[in-house]
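Shown next, in C-alpha cells, is the structure this report addresses.
The values are calculated or read from the model by the stated rules, or taken from the named source; none is laboratory data. All values derive from a computational prediction rather than experimental measurement. Cβ placement follows ideal geometry from the backbone for every residue including glycine, while neighbour counts extend to all protein chains displayed.
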Amino acid sequence: MDGDDMGNGDGVETDLVRGREACRRGAWDEAYELLVRADAGSPLPAGDLERLAEAADMVGRCDDTVRLLRRAYQEHAGSGAVGPALRCAYWLCKTLAWGGEFAQSGVWSTRARRLADASASQDCPEFAYLLLLDAELLFRAGEYAECLAVARRMGPLAEAGEDPDLVACVAMTLGIGLVKSGEIGAGLAQLDEAMTAVAGGEPSARATAMVYCVVIGVCEEYQEVRRAREWSDALADWCAAQPDFTGAYRGLCRVHRVAILRQGGEWPDAVREARLACDQLTGGYGTAVAGGAYYQLGEVHRLRGEFADAEQAYQDALRYGWDPQPGTALLRLAQGRRDTAVAVIRRALAETSGTTATPGPGGTAGAGEPMSRVRLLPAAVEILTGTETAAVPDDDLADAARAAAELAAFAEAYPDTTALQAMSGHATGAVRLAGGAAGDALPLLRQAVRLWHELDLPYESARTRVLIARACRTLGDEDSAAMELDAARQTFARLGAAPDLARASSAPGGRDGDCGLSPRELEVVRLLAAGGTNHAIAAELVLSERTVARHVSNIFGKLKVGSRTAAAAYAFEHGLVGRDRP
C-alpha cells in the first residue's frame, strides 16, 4: 500500500509509525487504536486508510471497514491512482457482501468498473480485482465453465503486478474453477499453490484468511479429508498467532475447524468452536454463512444424543438460509421416528436429482452440483436400512441399493479420494448386509474400516465395526462379532456418542454382557467416574438431585455394582469413559 509519508505533528507521527508497525506484527487491536488516533489528529493518506480498514476488519469492526474503504477508494480515485482504487473497491464489495448488503456491493462494483473504463485501465494488474468479482458472481450462479474462463483471463494480469493478495486470490479462483469444471486433480493442485502462497506470509491478513477458508471448504466438499486437515491445522496455527483476529472471517475459519474436530472425535472442542463461530457470524457481518456454523453445532449435538439442542441448532441453520439435511433426517432416525426420516431423506434426494448428475469417466462432473448428492447418499443408505424389524422393506432396500450404487460411481470417478472409497464400501456393505448377503458385505466393510483408520476418523470406523459385528454374527462367528462390537463400544464411549453406544450396548454378543445404559445414564456414569457428587452432576446436567440419585441407583443395578467406586471402575474397564477424559 502507498501513503507512507509520516503525517503532521510529533504525536500523530508517533501513532502513525507505531500503528503501521502494529499492522505488520498482526497486533490488530493496537493497530486500530493507534491509527484511529492518528487519523483524528490528521486525516490519513489512502494507503494508511487501507491499513486501518484491514485492522478494523480483523477485529470485527466491519461498519468501520466499509467507511474507511470508501474513503480510501475516493482518495485513490481522486488522485488518479486507479489500480489502488480498484483494489479498495474489491475489498469494499466483499465486506458489504459479508453484511448482506448485496445491492450496495453491486453499486460499488459498477462504480469501480466505470472508473476502469474511463481511465482505460483494463490492462493494469489491479483490473484483475474486478474480474475476481465477476468470477465470484459466475460461481454463485453455477456457471463454472465461464468462471474458469474469467479466472484464466486474470492470471496474466496478476503475474504482471507485484500484489501478493492478487496472486493468491487468482490462484484460489482458478483452482475452484478447475475443480467445479471437473478437473479435480488440476484444481486441487492449483488450490495447493494458493495455500502455499498464503503460508509464505506475503499476502495480507484478510487475503490469507479468505484463501484459507475457501480452500478448506472446497477440500471438505470434495471429501479431501487429509488435505482439509493439513490446511486446517495450518490455519489454526496462523489464527493462534493473531489473537486479536475476531472478525467475520475468523468465524468462517472456526466453522471449517469444527468440521475437522468433529471428524477427528474432538467433540467438546468442536462444540466450543461452533458456539464461538455462531456468535461471531451473527453480529451483523457473516450472516450469509452463519447457517453453516449452526449446522455443524447441530451435528455434534446429534451425535452426542443431545437431541433438543440439535433440533434448535438445525432450526437456526435453516433460519440463516442453510439446508439442514441430512442432519435433520438422521436426527429423526435417532429419535426413533424412522418413517419421518425416510420421508425427509427421499424428499431431499428427489430435490437434488433433477439438477445434478453422477460424474462420468475420468471424474468429469455432470451438470449442476453432483457433490451435493454425496452429502446425502450415505445418510440415505443409513436411514433406509436402519430398521429394528427383521427385514428392511423391499422398497427401502431397493432405494438404498440405488443410493449405494450412485455413491460407488462417485468413488470410481474419484479413485484417489480415500474418504469416498470408505463411504462407498460402508454403504454397499450395509445394503448387502440388509439384503441377507453377509458374506458379500464383510470384505467391503473391512476395507472401509481400514480406510477410516488411515484417515483417523474414529466415529466412522466404529459405525462400520457395528455392521461387521452383525455380519459376523449372521455367519455364526460369535467370537469375532464380540470383538468388533466391543471395539465399537469403546470408541463410542470415548467420543461421547451416547445414542450409538446405547444401540451397540443393546446388541447381543458383546463381551462382558450388555451394560444397557440409557444415553442419560451414560452421561451420569461419566460424571460419576470423574468424581462428581450427585449435587455436581445435577448442576452439570440441569437435573434435580433426586433424579440424579434415581439414575445412579439404576446404573448400580444395570452394572451389577454396589458403590460409586465400583461403578467408576466398571466404566473405565469397559470403555464407557476414557481414562484421560476430564
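Just a few scattered comments:
- Within region 529-575, the set of residues being farther than 18 Å from Leu501 by Cβ and among the acidic types (Asp, Glu) comprises Glu540, Glu545.
- Residue check, Phe102 surrounded by fewer than 16 Cβ atoms within 10 Å (Cβ to Cβ) and under 25 Å from Cys62 (Cβ atoms): yes
- Restricting Leu86, Leu92, Leu68 to residues that are surrounded by 24 or more Cβ atoms within 10 Å (Cβ to Cβ), of a type in the set (A, V, I, L, M), within 28 Å of the chain's Cα centre (by Cα) and modelled with pLDDT of 95 or more narrows the list to Leu92.
Listed here are the residues, each with its yes/no results for (1) of a type outside the set (A, V, I, L, M); (2) modelled with pLDDT of 90 or more; (3) closer than 15 Å to Cys253 by Cβ.
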{"residue": "Gly177", "(1), (2), (3)": "yes, yes, no"}
{"residue": "Ser181", "(1), (2), (3)": "yes, no, no"}
{"residue": "Ala186", "(1), (2), (3)": "no, yes, no"}
{"residue": "Ala189", "(1), (2), (3)": "no, yes, no"}
{"residue": "Ala194", "(1), (2), (3)": "no, yes, no"}
{"residue": "Gly200", "(1), (2), (3)": "yes, no, no"}
{"residue": "Ala207", "(1), (2), (3)": "no, yes, yes"}
{"residue": "Val218", "(1), (2), (3)": "no, yes, yes"}
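Conditions (1) free of Cβ contacts under 8 Å to residues at least 40 places away in the same chain; (2) farther than 22 Å from Ala350 by Cβ; (3) not assigned by TED's automatic domain parsing to the domain that holds Ala469, marked per residue:
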| site | (1), (2), (3) |
| --- | --- |
| Asp394 | yes, no, no |
| Ala403 | no, no, no |
| Ala448 | yes, yes, no |
| Leu455 | no, yes, no |
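- Test for Glu202: is it more than 26 Å from Gly327 (Cα to Cα) and either among the small types (Gly, Ala, Ser) or without any contact (Cβ under 8 Å) to a residue 60 or more places away in the chain (or both): yes
- Counting only residues that are hydrophobic (A, V, I, L, M, F, W, C) and either within 10 Å of Val82 (Cα to Cα) or surrounded by fewer than 20 Cβ atoms within 10 Å (Cβ to Cβ) (or both), region 105-137 holds 9 of them.
- Residue match in region 140-149 (condition: outside any helix (DSSP H, G or I), more than 26 Å from Leu252 (Cβ to Cβ) and either touching a helix residue (DSSP H, G or I) at 6+ places or on another chain (Cβ under 6 Å) or free of Cβ contacts under 8 Å to residues at least 40 places away in the same chain (or both)): no
- Annotation note: of Ala329, Ala310, the sole residue that is buried (at least 19 other Cβ atoms within 10 Å of the Cβ), touching a residue at least 24 places away in the same chain (Cβ under 8 Å) and either over 20 Å from Ala343 (Cα atoms) or not aromatic (Phe, Trp, Tyr) (or both) is Ala329.
- Take the conditions (1) among the hydrophobic types (A, V, I, L, M, F, W, C); (2) under 26 Å from Leu576 (Cβ atoms); (3) touching a helix residue (DSSP H, G or I) at 6+ places or on another chain (Cβ under 7 Å); Met483 misses just one of them, which is (3).
- Selection status of Pro359, of a type outside the set (A, V, I, L, M, F, W, C) and modelled with pLDDT under 95: yes
- Here Arg153, Arg140 are screened, and the one residue that is more than 30 Å from Thr246 (Cβ to Cβ), surrounded by fewer than 22 Cβ atoms within 10 Å (Cβ to Cβ) and basic (Lys, Arg) is Arg153.
- Any hit, region 529-545, residues being at pLDDT below 85 and in contact with a helix residue (DSSP H, G or I) (Cβ under 7 Å, 6 or more places away or on another chain): yes
- Considering region 515-544, the residues that are of a type in the set (Val, Ile, Thr) and more than 16 Å from Ala566 (Cβ to Cβ) include one that is surrounded by the fewest Cβ atoms within 10 Å (Cβ to Cβ), namely Val542.
- Filter pass, Ala317 being assigned by TED's automatic domain parsing to the domain that holds Ala498, in a helix (DSSP H, G or I) and buried (at least 22 other Cβ atoms within 10 Å of the Cβ): no
For every residue, the table says whether it meets (1) crowded, with 24+ Cβ neighbours inside 10 Å; (2) modelled with pLDDT of 85 or more.
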{"site": "Ala441", "(1), (2)": "yes, yes"}
{"site": "Ala448", "(1), (2)": "yes, yes"}
{"site": "Tyr459", "(1), (2)": "no, yes"}
{"site": "Thr464", "(1), (2)": "yes, yes"}
{"site": "Ala469", "(1), (2)": "yes, yes"}
{"site": "Asp477", "(1), (2)": "no, yes"}
{"site": "Gly496", "(1), (2)": "no, yes"}
{"site": "Gly513", "(1), (2)": "no, no"}
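- Region 181-239, residues that are among the charged types (D, E, K, R) and more than 20 Å from the chain's Cα centre (by Cα): Glu183, Glu193, Glu202
- Check on Trp91, closer than 19 Å to Leu131 by Cβ and hydrophobic (A, V, I, L, M, F, W, C): yes
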